[in-house]
1. Please specify each residue of the range 98-118 satisfying the condition of being out of contact with any strand residue (DSSP E or B) (no Cβ under 6 Å at 6 or more places or on another chain) and in a loop (DSSP other than H, G, I, E, B).
2. Given (1) over 17 Å from residue 133 (Cβ atoms); (2) among the small types (Gly, Ala, Ser); (3) in a loop (DSSP other than H, G, I, E, B), where does residue 61 come up short, assuming only one miss?
3. Restricted to the range 12-27, and to residues that are without any contact (Cβ under 8 Å) to a residue 12 or more places away in the chain and not in a loop (DSSP other than H, G, I, E, B), which residue is nearest to residue 197 (Cα to Cα)?
4. Can you find a residue that is of a type in the set (A, V, I, L, M), buried (at least 21 other Cβ atoms within 10 Å of the Cβ), within 16 Å of the chain's Cα centre (by Cα) and not in a loop (DSSP other than H, G, I, E, B) anywhere in the range 274-285?
5. Which of the residues that make up the range 93-151 are in contact (Cβ under 8 Å) with a residue 60 or more places away in the chain and of a type in the set (Asp, Glu)?
6. Answer yes or no as to whether residue 166 is in contact with a helix residue (DSSP H, G or I) (Cβ under 9 Å, 6 or more places away or on another chain), over 27 Å from residue 92 (Cβ atoms), modelled with pLDDT of 95 or more and of a type in the set (Phe, Trp, Tyr).
Amino acid sequence: MTPSDSDHFNGKTFFNPGVRADRGLLDVLKWQLTSKRATWPKWIEIASATPPPPPRDDSVAVTWVNHATFLLQTSKGSLLTDPVFSERVSPFQWLGPKRVHAPGIAFEALPKINVVLLSHDHYDHCDVSSLRRLAREHQPTFIAPLGHRKLLEDCGAKEIVELDWWEMHRPWPEARITLTPSQHWSRRTLGGKNRRLWGGYALTLAGRRIWFVGDSGYTAGKFAEVRRRFGAPDLALIPIGAYEPRWFMRPAHMDPEEAVRAHREVGAKQSIAMHWGTFQLTDEAREAPVHALEKAKADAGLKPGEFRVLTPGETVRIG
């Protein structure tokens with residue numbers, strides 16, 4: 001189904017109202033020729049964790065697996081965001097960004113997954129190997145922005161829900177999942193740029209409000225609408241990495257200072273950092289986002305624990 005024209009779709013491609021987040025080939029070449037890429041460790045040994053049992057009360061257990069992959073568990077069901085369990089995030093398994101640590105939870109240790117949330121089609125968020133395995137072994141409902149149906153069908157997905165910005169789906173009566181706007185772009189091949197929409201998710205699970213940002217650049221006031229429509233989140237999952245060089249990455253990826261602004265703007269009671277430390281996608285050092293976040297938190301006067309950095313496999317409970 002072709003979506004109707006809107007303030008972010010022109011009948012052929014999707015776009016960000018008022019700002020262009022994608023970059024052209026000349027910008028990519030300039031970045032590659034002038035890049036001063038930090039050296040990352042080849043491998044960091046971590047112990048994969050066993051996920052906690054699902055809550056029996058009205059709380060939500062939130063476990064950071066890696067990158068933008070979170071396991072969200074409630075008494076009614078479990079969800080995964082942007083599941084990535086492969087060794088590389090690339091169209092090839094022999095080339096491209098390679099993980100530097102194992103997933104915080106092994107795929108085999110996952111509980112029954114009822115819902116998979118996909119924010120957009122970039123390889124570090126849309127890993128077809130993981131999606132195929134989830135479709136085969138868990139048969140979840142896949143929820144994605146407009147334009148992802150064919151990709152998900154090719155992965156074996158049977159139950160697919162596509163959403164436009166601000167559209168909502170209820171996977172079970174007590175849960176609400178709404179696609180929220182983000183400032184990003186989409187493409188998996190040389191052609192087909194911005195043929196699929198992108199976004200984050202405002203979730204109401206067990207009476208708790210959770211905001212998963214997905215990938216996004218920052219524009220002042222952009223996220224205030226999320227708070228206006230849904231209230232301040234009990235927990236926000238906000239990207240802090242893949243931001244250097246700023247001249248290139250700023251339109252599509254927040255840096256830690258902007259992540260703190262997003263946290264404040266949406267009024268989150270607590271935030272968790274994501275999108276750092278697993279795959280080297282840009283120029284900054286692996287630990288740079290964490291150090292920059294600590295400074296940004298201090299400069300903004302955030303309370304201890306208000307914006308947390310977890311280790312892969314670590315769980316927090318809200319409620």
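The values are calculated or read from the model by the stated rules, or taken from the named source; none is laboratory data. Note that this is a predicted model, so its numbers are computed, not measured. Quick reminder, even Gly has a Cβ in these numbers, built from the backbone with ideal geometry, and neighbours come from all protein chains shown.
1. Result: 99, 100, 101, 102, 106, 110, 112.
2. (3)
3. 25
4. Checked against the condition, which is being of a type in the set (A, V, I, L, M), buried (at least 21 other Cβ atoms within 10 Å of the Cβ), within 16 Å of the chain's Cα centre (by Cα) and not in a loop (DSSP other than H, G, I, E, B), the range 274-285 yields at least one hit.
5. 121, 124, listed by residue number.
6. In short, yes.
Residues are listed down the side, and each one gets a yes or a no for (1) aromatic (Phe, Trp, Tyr); (2) in contact with a Lys or Arg (Cβ under 6 Å, 6 or more places away or on another chain); (3) at pLDDT 90 or above:
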{"residue": "7", "(1), (2), (3)": "no, no, yes"}
{"residue": "12", "(1), (2), (3)": "no, no, yes"}
{"residue": "17", "(1), (2), (3)": "no, no, yes"}
{"residue": "23", "(1), (2), (3)": "no, no, no"}
{"residue": "28", "(1), (2), (3)": "no, no, no"}
{"residue": "34", "(1), (2), (3)": "no, no, yes"}
{"residue": "40", "(1), (2), (3)": "yes, yes, yes"}
{"residue": "48", "(1), (2), (3)": "no, no, no"}
